[in-house]
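See below for the structure under consideration.
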Amino acid sequence: MRVILAQPRGFCAGVVRAIDIVERALEKFGAPVYVRHEIVHNQHVVNGLKAKGARFVDELDEVPAGAVTVFSAHGVPRAVVEDAKARKLPVLDATCPLVSKVHAQGKHYVNRGRTLVLIGHAGHPEVEGTMGQVQGPVHLVGAEEEVESLDLPTDTPIAYVTQTTLSVDDTKNIIAALKSRFSDVIGPDTADICYATQHRQSAVRDLCRVADVLLVVGAKNSSNSNRLREIGIEEGLPSYLLADGSELDPSWVRGVQTVGLTAGASAPEELVLGVIDALRRIADVEVVEMDGITEDIEFRLPAALRI
Ligand code: SF4
């Protein structure tokens, strides 16, 4: 069996920074450090940080007075920032700078009197954070068909922003539907789909041309990992999302010559290696890596953690 690895795959700069913030906070301030929500959507990462002394909470009222508190990479609503301020909690913000950029764009458009449409998936923490960062109503659209049901006059001045981890094509279609229904629609020059999402999605499309089956390593609640699997399906490949090697079902790869393997932006490389080990228990495996973009983006840590 040939296993072809997508390039790039796995950790993005926002995830590396978020994990780094928790680890450095533990080193600098000592355990426990409180983290609101999963720092990134990956149980292995969360468990690793728990073992080092991080405590994950759903809401700030579970954080004791004065305890170091980290906001997750997905961002938080303004009410949470204000609540932390009121409680004088020392906060380290691990919101990915690309998510913060979307918050800033949304605020900018609303301040200019536009009605904001957020293209994203209901219930995702990034979407809740973005909706809660912007003052005034935000209309959430998750699919092209939902544009029709927006209860707004067609001459409403609209601005859109998007969740960072959607599929490039879905976003493109929703933006086109907005432009066809409303007469005055503006948005950022390029959609807010982040560089890491775009790179991983185009690498998967390339991978699908040479593979018979697609395996995506990532958590069930990881938006960008789900999009990678959907791209595999769009490209006509049986495509599976698995958290790690233990979830590999041998029937997925029975009789298959070429397996395409990638990982979402919050999945560590060790989990990819674990899937290769699981494949090795089924067949003789030759591993090759596709040519692709090498990423060298790094995001700065918060000032309190810089050496
Ligand atoms: S996927 Fe993109 S937006 Fe999300 S954390 Fe990574 S770099 Fe930031």
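Nothing in this text is a laboratory measurement; each read-out follows from the coordinates by a stated rule. All values derive from a computational prediction rather than experimental measurement. All Cβ positions, even for glycine, are placed from backbone atoms using ideal geometry, and neighbour counts span all protein chains on display.
What separates the Cα centres of region 76-140 and region 246-260 is a distance of 41 Å. The value given for region 189-273 is a Kirkwood hydrodynamic radius of 13.0 Å, derived from the mean inverse Cα-Cα separation. Here the contact order of region 85-167, divided by its residue count and restricted to Cα pairs under 8 Å and six or more residues apart, works out to 38 percent.
For region 130-286, the relative contact order works out to 19 percent when only alpha carbon pairs closer than 8 Å and six or more residues apart are counted. Straight-line cross-link partners of LYS179 among the aspartates and glutamates, defined as a Cα under 19 Å from its Cα and at least 8 positions apart when in the same chain: GLU144, GLU145, GLU146, GLU148, ASP151, ASP155, ASP169, ASP170, ASP189, ASP192. Only lysines eight or more places from LYS101 in sequence, or on another chain, were considered; those with a Cα closer than 20 Å are LYS172. Membrane-span-like helices in the chain (whole DSSP H runs, Cα extent of at least 24 Å along the helix axis, mean Kyte-Doolittle hydropathy of at least 0.0): none found.
Once C-alpha pairs closer than 8 Å and six or more residues apart are averaged by separation and normalised to the residue number of the chain, the relative contact order reads 25 percent.
Under the combined filter of DSSP loop state and at most 15 neighbouring Cβ atoms within 10 Å, region 105-198 retains these trypsin sites (Lys or Arg not before Pro): ARG112. The distance between label points at SER180 and ASP83 comes to 4.1 nm (points 7 Å beyond Cα on the Cα→Cβ vector).
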